[in-house]
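The next block holds one structure in the form of structure tokens; read it before the comments.
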Amino acid sequence: MHKIIPSQRIDMHIITPLCLIVSLFFMASAHAEQNLLQESFDITHKTQKMGQDSQQVVDKLAKQQQELLQQYQRLLRKTEYQKEYNQELLLLKEEQATSIVTLQQKIEDVKLTKQQLLPLLREMTKTLEQFIQLDLPFHKENRLMGINDLKKLLSRSSVTITEKFRRVMAFYQAENDYNYDLEAYRDNIILNSESRSEQILRVGRNALYMQTLDGQLSALWNKNTQDWQILNNNFNRPIQKAIRITEQKAAPSLLTLPYLTSLDHSSNELNKGE
């Protein structure tokens with residue numbers, strides 16, 4: 001049996017705390033390293049986060065820069081458009097200035113024309129009245145009544161000069177149209193000092209014929225004598241047929257009608273019956 005030395009006991013008692021201290025030291029070191037590693041991870045994460053945030057800021061700034069660039073380009077285009085538009089306005093202004101001068105001159109001309117137009121319209125109406133008096137006596141009463149209406153119209157201050165001009169021109173046009181048409185109608189005439197209602201055939205302004213309702217008597221208006229001139233009976237049927245054609249009661253055909261061709265030999269021409 002061995003005896004335990006007291007010094008060895010002391011050593012055992014010292015070793016145990018030392019081991020504990022060493023273990024604690026290593027544990028503390030490991031913990032410190034873990035904390036340092038965690039801090040490194042945190043710093044890396046924060047750095048990455050900052051990098052991402054910075055990239056977002058950069059992207060945002062780049063986007064804003066692109067938008068500003070596009071706005072700038074649009075402003076440049078608008079500026080060019082505005083310059084062109086201003087140029088167009090200048091040209092338009094010059095044209096309008098020229099037009100204004102031209103219009104002012106025309107207005108002055110119109111004023112002068114209006115002053116001269118009314119006397120001219122009165123003279124035209126008077127000439128037209130004289131013409132109707134000397135013309136073939138078709139619708140003579142109505143035509144002269146139209147002339148009287150024109151005279152009253154020209155004397156009315158409430159009617160514009162434009163309307164007066166239009167009415168006179170319309171009357172002239174109506175008279176002109178009589179040159180180119182045919183007409184058959186009933187009218188009262190004076191034949192042999194007797195008023196009679198007979199059939200009238202007008203061939204433009206070239207000839208005016210009369211025929212009794214029974215078709216047995218025909219006459220031609222003689223401009224020289226200003227009276228009806230009795231025709232040969234041979235013309236009764238052609239004139240009757242011409243009246244029917246004009247009234248669209250018969251088909252168009254070629255007819256032989258008497259015509260006042262010569263002032264000196266009118267009677268002979270009318271009485272031949274050919």
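Taken over region 170-196, the residue count meeting the criterion of being open to solvent by 50 Å² or more (accessible area, probe 1.4 Å) and either among the basic types (Lys, Arg) or touching a Leu at 6+ places or on another chain (Cβ under 8 Å) (or both) is 4. The set of residues in region 242-255 being under 29 Å from Leu134 (Cβ atoms), open to solvent by 30 Å² or more (accessible area, probe 1.4 Å) and either outside any loop (DSSP other than H, G, I, E, B) or among the basic types (Lys, Arg) (or both) consists of Ile245, Thr246. Total residues in region 119-140 satisfying the condition of being of a type in the set (Asp, Glu), surrounded by 13 or more Cβ atoms within 10 Å (Cβ to Cβ) and farther than 24 Å from Gln199 by Cβ: the figure is 1.
Listed by first and then second residue, the pairs linking a residue in region 241-261 that is hydroxyl-bearing (Ser, Thr, Tyr) to a residue that is part of a helix (DSSP H, G or I), with Cβ atoms under 8 Å apart and 6 or more places separating them unless they lie on different chains, are Ser253/Lys241; Ser253/Ile245; Thr256/Pro238; Tyr259/Glu269; Thr261/Glu269. The residue list Asn232, Asn188 contains one member that is farther than 26 Å from Met124 by Cβ and in contact with a strand residue (DSSP E or B) (Cβ under 8 Å, 6 or more places away or on another chain), which is Asn188. May I ask you to verify whether Leu201 is open to solvent by less than 10 Å² (accessible area, probe 1.4 Å), of a type in the set (A, V, I, L, M, F, W, C), modelled with pLDDT of 95 or more and in contact with an Asp or Glu (Cβ under 8 Å, 6 or more places away or on another chain)? So Leu201 fits the description; yes. Answer yes if at least one residue in region 215-226 is open to solvent by 30 Å² or more (accessible area, probe 1.4 Å), closer than 25 Å to Leu134 by Cα, aliphatic (A, V, I, L, M) and under 54 Å from the mean Cα position of the chain (by Cα), and no otherwise. No, that holds for no residue. Any chance region 173-191 includes a residue that's in a helix (DSSP H, G or I) and more than 25 Å from Leu260 (Cα to Cα)? Yes, region 173-191 has at least one match. Examine region 170-184 for a residue that is more than 22 Å from Leu128 (Cβ to Cβ) and touching a strand residue (DSSP E or B) at 6+ places or on another chain (Cβ under 9 Å), and state whether such a residue exists. Scanning region 170-184, I find at least one residue that is more than 22 Å from Leu128 (Cβ to Cβ) and touching a strand residue (DSSP E or B) at 6+ places or on another chain (Cβ under 9 Å), so the answer is yes. With respect to being of a type in the set (D, E, K, R) and surrounded by 13 or more Cβ atoms within 10 Å (Cβ to Cβ), Glu163 falls outside the description. Being at pLDDT below 90 and not aliphatic (A, V, I, L, M) holds for only one residue in Gln130, Gln104, Gln173, and it is Gln104.
For region 227-241, name all the residues that are in contact with a helix residue (DSSP H, G or I) (Cβ under 9 Å, 6 or more places away or on another chain) and either closer than 19 Å to Leu136 by Cα or exposed (fewer than 12 other Cβ atoms within 10 Å of the Cβ) (or both). If the condition is that a residue be in contact with a helix residue (DSSP H, G or I) (Cβ under 9 Å, 6 or more places away or on another chain) and either closer than 19 Å to Leu136 by Cα or exposed (fewer than 12 other Cβ atoms within 10 Å of the Cβ) (or both), then Gln229, Ile230, Leu231 are the ones that fit. Would you mind stating whether Ser262 is open to solvent by less than 70 Å² (accessible area, probe 1.4 Å), at pLDDT below 90, part of a helix (DSSP H, G or I) and over 13 Å from Leu208 (Cα atoms)? The answer is no for Ser262.
The values are calculated or read from the model by the stated rules, or taken from the named source; none is laboratory data. From a predicted model like this one, the values you see are computed outputs, not experimental measurements. Quick reminder, even Gly has a Cβ in these numbers, built from the backbone with ideal geometry, and neighbours come from all protein chains shown. Note: accessible area is taken over every heavy atom of the protein model, side chains too, but ligands, DNA and RNA are not part of it. Shrake-Rupley method; radii C 1.70, N 1.55, O 1.52, S 1.80 Å.
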